[in-house]
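A.B. asks: One structure, pasted below without further comment.
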Amino acid sequence: MGPGFLRYRSFWLGAPIFLFLVWSWVDSVRYDTRANIPNGPTITQQSKLPAPVYYAAPQIFDSQPDLVVPSFDLSTMPEDRPPLPLMPYKYTPPKIVDPQLETRPISLQPTISIGNKEGALWISKWNAPLFPKEPWRRNKIAGRASWLAHFQYQGGDSAPTLWLPHWLILTAYTLPWAALVYWRHLRRRVTLLPAGTPA
């Protein structure tokens, strides 16, 4: 006969959640999975964006003298072929791109990002530009990621982001679930005892 807790409904109702948390932890070490979910109406605010400013390169080649075209006797060439255009080469100076920050109105979409990476589940709320974003992304992590991530919270001027390590999530679920199964085991044991038998 197997262990007594296998007969409890509380064990079988909690086991799928436990297995999902374990799978999510293992998956976070191998893959970077994230989703972007729009959350609220679009807003417009002033933001600094890079604007390209073009400058012409210094005209250093204009000071060079023109090349002297050598004189060749082209009288021996057939008449059906045009003469070769022997002309000096003119260099076109390139344009230099100097990115500068300009303040412009930009449309933003409040977005909630949820991710699973490097042993932690993270959630962030930020204002994303209105251009099309990837609603879902899943990339394989190169190298080895840490299994034991740290609990972190990032706030302030940047987007508020919360990192929940999987070991903490798994512990916070397993302890009360195991306590419930054990309590059900003790309660069942007391009800099965004969009358007058000390518990």
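Just so you know, all these numbers are worked out from the coordinates, no wet-lab data involved. All values reported here derive from a predicted model rather than from experimental measurement. Glycine also receives a Cβ, built like all others from the backbone with ideal geometry; neighbour counts cover every protein chain displayed.
A.B. asks: With r as the distance between the Cβ atoms of Val190 and Arg144 and R0 = 35 Å, compute the FRET efficiency 1/(1 + (r/R0)^6) and round to 0.05.
C.D. replies: 0.10
A.B. asks: Ranked highest first by average number of other Cβ atoms within 10 Å, how do 30-39, 136-145, 120-129, 170-179 line up?
C.D. replies: Order by mean packing, descending: 120-129, 30-39, 170-179, 136-145.
A.B. asks: What FRET efficiency comes out for the pair Trp167/Thr103, r = Cβ-Cβ distance, R0 = 35 Å, nearest 0.05?
C.D. replies: Once the sixth-power term is evaluated, E becomes 0.20.
A.B. asks: On a full-extension model of 0.36 nm per residue, what is the gain between Ile96 and Lys125, subtracting their alpha-carbon distance, rounded to one decimal in nm?
C.D. replies: Extending this stretch completely gives an extra 6.6 nm.
A.B. asks: Starting from the Cα-Cα distance between Ile17 and Val53, subtract it from 0.36 nm times their residue separation and give me the gain in nm to one decimal.
C.D. replies: Value of the extension gain: 7.4 nm.
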